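The values are calculated or read from the model by the stated rules, or taken from the named source; none is laboratory data. These numbers come from a predicted model, not from an experiment. Glycine gets a Cβ as well: all are built from the backbone with ideal geometry, and neighbour counts include every protein chain shown. Protein only, heavy atoms only, side chains kept; ligands, DNA and RNA dropped before computing areas. Shrake-Rupley method; radii C 1.70, N 1.55, O 1.52, S 1.80 Å.
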Amino acid sequence: MQQEITARFQEIYGGLPTILTRAPGRIEFIGNHVDYNGGAVLGVAIDRDLWVALSPRADGVRRFFSGQGGGVITLGAEDAPVRQGGEQSWLNYPLGVLAGMAGSGLGVPGGFDYLVMSDLPPGAGLSSSAALELASALAFLAATGEEVDRGRLVGICRKAENEFVGVPCGILDQSVSAFGRKDHLVLIDCQGPVIELVSLPAGAHFWVFNTHVKHALMDGLYADRHRECMEAAALLGVKWLASAPPIAIEVAREQLGPVRHRRARHIVEEVARVRLAVGALRSGDLAGTGRLLNDSHHSSQHLFENSTPELDFLVEKLTARPHVFGARLTGGGFGGAVMALTGPSFLAAEAREVAESYARRFGATPGLLHLRTGDGADRRV
């Protein structure tokens with residue numbers, strides 16, 4: 001990818017980039033919607049990346065280009081970043097990072113030529129948005145000659161997504177992309193936050209099945225779940241919903257009402273599953289880990305209600321396979337992708353059989369990705 005993006009930059013802008021950065025996508029391994037509720041969550045940085053190439057300009061002009069399509073977008077650097085819409089909405093992620101840097105007291109680059117390319121499929125629940133934020137932030141920091149620690153970098157990128165893009169995400173996506181390491185999972189205690197690496201047992205493979213289905217109201221539904229969780233925490237008298245004792249949720253069942261009760265149950269039970277998954281991974285128990293993944297999906301399906309028939313179908317078919325330890329939706333839900341934790345004997349032929357079964361049921365073929373772990377975001381040039 002490094003040679004490809006360098007050549008494309010030269011083709012578009014007529015010169016070589018002076019800065020190259022990359023950030024990986026991530027799999028949300030277990031801990032669905034737990035991060036903004038103050039719990040612990042496990043994620044995996046993967047071996048698919050997003051790259052940003054950049055060269056400063058002296059004339060105060062900012063030019064942006066995406067390898068996903070479209071032409072060069074030209075903006076001035078004299079004004080504060082403004083939210084974009086339509087086909088230019090992808091710009092809100094790097095623009096949000098620029099706004100976040102300025103709001104954090106950091107310098108921001110003036111004019112520049114900017115190009116982004118990726119082998120991360122958008123909309124697959126692999127958080128291409130967080131990778132875009134991190135790779136952009138590293139490029140902008142390189143352009144200004146400033147350095148920040150990883151924790152502050154994550155905070156700037158999360159602020160960009162929360163306040164500029166308008167998605168009330170937690171810190172999972174940015175933290176995993178920033179702190180990931182090959183052959184490890186990233187454990188995040190989101191109340192700290194405290195980051196810890198957990199070794200991945202040998203023989204573990206990841207398959208992602210992308211339904212290419214995205215609920216038309218996904219952003220609104222995500223915001224609804226966020227609001228319902230915050231309301232449940234307030235009714236329970238806790239700052240973080242993840243801190244509520246299970247018995248307190250049952251005692252307050254009538255006060256919470258059926259919807260908030262289901263949301264609270266999911267969060268508290270999911271936090272317990274994360275803790276059990278860490279123990280299973282550390283003991284090398286992939287089968288036990290897989291059962292927790294299955295339980296996580298069923299909780300998302302019935303309690304948090306952020307699954308879809310397409311996701312449920314894939315989980316059902318995958319978990320019936322002998323070489324699959326477990327499967328669950330990954331990411332925000334309401335469409336997107338399913339992750340399967342498999343052994344090395346789960347081969348492409350089996351994956352295609354599951355995909356063909358899906359195609360017979362839904363009339364479309366899901367995208368298939370065989371993924372391994374990868375390292376966190378860095379600067380290459």
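Structure notes:
- Dipole of the chain computed with +1 at Lys/Arg Cβ and -1 at Asp/Glu Cβ about the Cα centre; of Met1, Phe313, Ala223, farthest Cα towards the positive end is Phe313.
- Centre separation in Å (Cα based) which lies between segment 47-78 and segment 262-286: 41 Å
- Å² per residue, accessible surface of segment 306-381 at 1.4 Å: 40 Å²
- Peptides 364-376, 126-138, 345-357 ranked from most to least packed by the mean count of surrounding Cβ atoms within 10 Å: 126-138, 364-376, 345-357.
- Computed with a 1.4 Å probe over protein heavy atoms only, the accessible surface of segment 1-148 comes to 35 Å² per residue.
- Share of carbon and sulfur in the accessible heavy-atom surface of segment 291-381 [1.4 Å probe, %]: 48 percent
- Accessible surface of segment 109-151 [probe 1.4 Å, protein heavy atoms]: carbon and sulfur percent: 46 percent
- Only helical runs count toward this figure. For the chain, summing -39,500 (n - 2.57) over DSSP H runs of n ≥ 4 and dividing by all residues gives -13000 deg cm²/dmol at 222 nm.
- Accessible carbon and sulfur surface of segment 194-262 relative to its total accessible area, %, 1.4 Å: 60 percent
- Packing-based ranking, highest mean first, of 293-300, 231-238 given that Cβ atoms within 10 Å are counted: 293-300, 231-238
- Accessible surface computed residue by residue for segment 149-257, with neighbouring protein chains in place and a 1.4 Å probe, gives 47 Å² per residue.
- Summary of packing: across the peptides 277-285, 33-41, the per-residue average of other C-beta atoms within 10 Å ranks them, highest first, as 33-41, 277-285.
- Between segment 287-335 and segment 93-114, the alpha-carbon center distance in angstrom: 38 Å
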